[in-house]
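The block underneath contains the structure these notes are about, expressed in structure tokens.
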Amino acid sequence: MNPEIATYIQENGAAGPMLLSLGTAAITLILHLIAGLLSGYLLTGRKTILRTIADTAITLPLIFPPIATGFLLLLLLGRNGIIGQPLQQAGIEIIFSTTGVYAASFIAGLPLVVKSVQTAVETMDRSLLEASWTLGKNRTRTYLFVVLPHIRHALLTGLVLSLGRSFGEVGITLMLGGNIAGKTETMSLAIYNAVFEGNIEKAAFLSILLAVISLGMFAILKKVTRNGNKSHSFT
């Protein structure tokens, strides 16, 4: 990195938000990969009440206003919440902590991964599954060796989209993380704070940095989509 840029980052307090955003993106990317793999296995097939409830809960952050979603999660995960109280007693703090930032990023981007995988599984050629079952493969082996290779591009697409959502998330993070400078202030929140404080130079710097990251993810997304189209053209 250019020494002048490094000095600017340190002097303007941009290092903390940058590191937190990058760390959050890395953690949620791993969690979304696991969730995407599990969702493709658990949320497809015959519709049941439990599957419908799970599908609705996962999809809700995609269509519900982020700030309202954050408020509902605050009620659930707060110190007196149904989920938060037992966690508090166990010594696990979510609200106004980096854990809250991770949770916000995970919840906000989860629908983008799950719906991509779910749609790919539900629209794939059923004859592939029937052939696997005819050969004596159980559901787990069929999913691992037939379904996953077929939906890999959809999974990658969902992961890239969720990664972009992670960097841009504000509403849910504001509620769960609290926007505490030096602790839970992400790059997006730092831009908001900088504008509020009149530090336009810092806001512009972080905005340009996020724009570069976004363009990089867009290039990856285009490549994944192109490879996916080529793959389907040969099947």
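None of the figures in this text is laboratory data; all of them are computed from the coordinates on show. It should be emphasised that the depicted structure is a prediction, and the values quoted were computed from it without experimental measurement. Counting neighbours? That spans all protein chains shown, and the Cβs are built from the backbone with ideal geometry, glycine included.
Brief remarks on what is shown
- Prolate is the label for region 35-78. Its Cα gyration tensor axes, ordered a ≥ b ≥ c, give a/c of at least 1.5 and a/b above b/c.
- Each of ALA131, HIS150, PHE167 was scored by the projection of its Cα onto the charge dipole of region 121-192, and the greatest displacement toward the positive side belongs to ALA131; charges sit on the C-beta of Lys, Arg, Asp and Glu.
- Rounded tilt (10° steps) of 66-77 against the dominant C-alpha axis of the chain: 90
- With neighbour counts taken as other beta-carbon atoms within 10 Å, the residues LYS137, LYS115 rank, fewest first, as LYS137, LYS115.
- Adding -39500 (n - 2.57) for every DSSP H run of four residues or longer, then dividing by how many residues the chain holds, sets the calculated 222 nm ellipticity at -25500 deg cm²/dmol.
- Tensor-based shape of region 3-228 (alpha-carbon gyration tensor, a/c under 1.5 rounded, otherwise prolate or oblate): oblate
- Within a Gaussian network of the chain (alpha carbon springs, distance under 10 Å), most fluctuating of ARG141, ARG165, ARG79: ARG141
- Seen against the Cα atoms of the chain and their longest principal axis, helix 15-42 is set at about 20 degrees.
- Between helix 200-233 and the chain: long-axis angle, C-alpha atoms, 0 to 90°, nearest 10: 10
- Given charges at beta-carbon only (K, R positive; D, E negative), |dipole| of the chain in Debye: 1120
- Near LEU148, once Lys and Arg are set to +1 and Asp and Glu to -1 for all other residues with Cβ below 14 Å from its Cβ, the sum equals +4.
- Among SER97, SER166, SER39, a tally of other beta-carbon atoms within 10 Å of each Cβ gives an order, fewest to most, of SER97, SER39, SER166.
- Cleavage-rule hits, GluC sites (Glu not before Pro), region 50-150, DSSP coil, Cβ neighbours within 10 Å at most 15: GLU93
- Cα-based shape type of region 163-207, given that a ≥ b ≥ c are square roots of the gyration tensor eigenvalues and the cut on a/c is 1.5: oblate
- The chain: most fluctuating residue of GLY100, GLY70, GLY91 per GNM, C-alpha cutoff 10 Å: GLY91
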